[in-house]
Amino acid sequence: MAKTIQAIRGMNDCLPQDTPLWQWLEATVRRVLASYGYQEIRMPIVESTPLFKRAIGEVTDVVEKEMFTFDDRDDESLTLRPEGTAGCVRAGIEHGLLYNQEQRLWYMGPMFRYERPQKGRYRQFHQIGVEVFGIAQAEIDAELILLTARLWKALGIAEHVSLQLNSIGSLEARNHYRQALVDFLQNHLDILDEDSKRRLTTNPLRILDSKNEKIQAVLNHAPKLHDYLDEDSKQHFARLCQILDQMGIRYEINQKLVRGLDYYNKTVFEWVTTALGAQGTVCGGGRYDGLVEQLGGHATSGVGFAMGVERLILLVQEVNQDLLLPQAVDVYIVHSGEAATLLAFDVAEQLRSTYPQKNVMLHCSAGNFKKQFKRADKSGARFAIVIGEEEVQNQQLVIKDLQGHHQQQQLPIEQAFAFLASHWNK
Ligand code: ATP
Ligand code: MG
């Protein structure tokens, strides 16, 4: 036998046993997003490398060490998208969707980051992202958070996620704070680890979410971000909190929440869970009012978030175990003899026309009835239709309840259809 070739490390297949859950989750998300009037946008998976460098920031983890970048045959540097916001803004500018308009958009699809694969962290993973353009008010930040809260309910995970909220202010305010933080940390160089020392010159705010306990202890005495916020950001944040309070959304204000990408300002938030170990953030987002201009468009407000589909799937599997997913097959048709086979094809096609929402599987390989019934059982179908010579002669169908709730029925074809219709779900 030839040597087998395996999937790339950190890039997973989604097997048939898992796709029903994915499809259910995706359908639930689509429904919730549509119920808020959001529209889908689809972007390419590959973009030119400078897009991500400019949007995400040169000294972020994503750009420094996580991107899948390669030269194409014309020596142009291309990158497999590590996130969706940059491409979405690029598309919005390119197609004139952003100037003087409001857009509420979403997308879903694979993202790529060269990280160490582990539970909840992969090299190809999937995000569902939402981006809103052209609305500067805190009302839209609140809407996005309400939308996610509704989604957690629909997915049955609301009790297992909590909201962390922060304002990181304007770029200018953040620069003032950055300086104060660097000055403070310069006096504590002895406790900083290598990573944090490096960040002190590149991206000092990221030190705030260091996992190192000693650093965290010292940071408790560091200058506080909110003491440096500009008036506009303060009001924006107060308004957001006010709406969330009135709408009964619980949150924790976490002044150390800064997020990994450079483009955020004002609101940032994360939905986190303790049910998945270290990979606890299922959804993160915030406001990025400078990004459209930074990528060459007219100044346009932006706010959005992305959720990690694999982590949501893991969480649903962990906490929502009595979830009932639709069956792949509702009825399996077994048959024996040439005339019976032809009738079986006919019945299968008629059933599919009459009940387009139901899944009808026709046995297509060889095998006696015993073997065919084994297949029927394996398919998970609730009912089997049995067609032999006798049924052809009488133009009748035998219906067998594979879960044994009903007696076997032998009925004329029309009545057999009616029986199925009234018993599918019982
Ligand atoms: P983390 O802190 O876990 O690395 P992040 O801040 O890098 O997350 P974002 O860029 O905000 O993540 O992406 C939004 C969401 O996408 C994350 O909250 C997470 O659910 C998911 N995500 C990010 N990276 C991965 C990955 N490598 N594998 C699976 N899901 C991921
Ligand atoms: Mg990351």
Within segment 79-124, residues open to solvent by 30 Å² or more (accessible area, probe 1.4 Å), in contact with a helix residue (DSSP H, G or I) (Cβ under 6 Å, 6 or more places away or on another chain) and not in a loop (DSSP other than H, G, I, E, B) come out as Arg90
Within segment 46-71, of all residues that are within 12 Å of ligand 2 (Cβ to nearest atom) and assigned to a helix (DSSP H, G or I), the one modelled with the highest pLDDT is Glu66
Of (1) touching a residue at least 12 places away in the same chain (Cβ under 8 Å); (2) under 30 Å from Glu102 (Cβ atoms); (3) not in a loop (DSSP other than H, G, I, E, B), Val182 satisfies every one except (2)
Check on Gly134, farther than 20 Å from Asp262 by Cβ, within 16 Å of ligand 1 (Cβ to nearest atom) and open to solvent by less than 50 Å² (accessible area, probe 1.4 Å) | no
Selection count, segment 248-304, where residues are within 16 Å of ligand 1 (Cβ to nearest atom) and of a type outside the set (Gly, Ala, Ser) = 27
Subset of segment 45-98 [more than 14 Å from ligand 1 (Cβ to nearest atom) and basic (Lys, Arg)] = Lys53, Arg54, Arg73, Arg90
Test: Ala306 is within 14 Å of ligand 2 (Cβ to nearest atom), under 19 Å from Gly57 (Cβ atoms) and modelled with pLDDT of 95 or more = yes
The condition from (1) outside any helix (DSSP H, G or I); (2) surrounded by fewer than 21 Cβ atoms within 10 Å (Cβ to Cβ); (3) out of contact with any strand residue (DSSP E or B) (no Cβ under 9 Å at 6 or more places or on another chain) that Gln255 misses is numbered (3)
Please verify whether segment 65-80 includes one or more residues that are among the small types (Gly, Ala, Ser) and within 17 Å of Leu261 (Cα to Cα).
-> no
Helices (runs of 4 or more DSSP H) wholly inside segment 324-426 that include at least 1 residues being open to solvent by less than 60 Å² (accessible area, probe 1.4 Å), under 25 Å from Thr19 (Cβ atoms) and among the small types (Gly, Ala, Ser) | 338-354, 369-379
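The values are calculated or read from the model by the stated rules, or taken from the named source; none is laboratory data. Computed from a predicted model, the values in this text were never measured in an experiment. With ideal geometry, Cβ positions are generated from the backbone for all residues, glycine too; neighbour counts draw on all protein chains shown. Heads up: the accessible areas ignore ligands, DNA and RNA and are worked out on the full protein's heavy atoms, side chains in. Shrake-Rupley method; radii C 1.70, N 1.55, O 1.52, S 1.80 Å.
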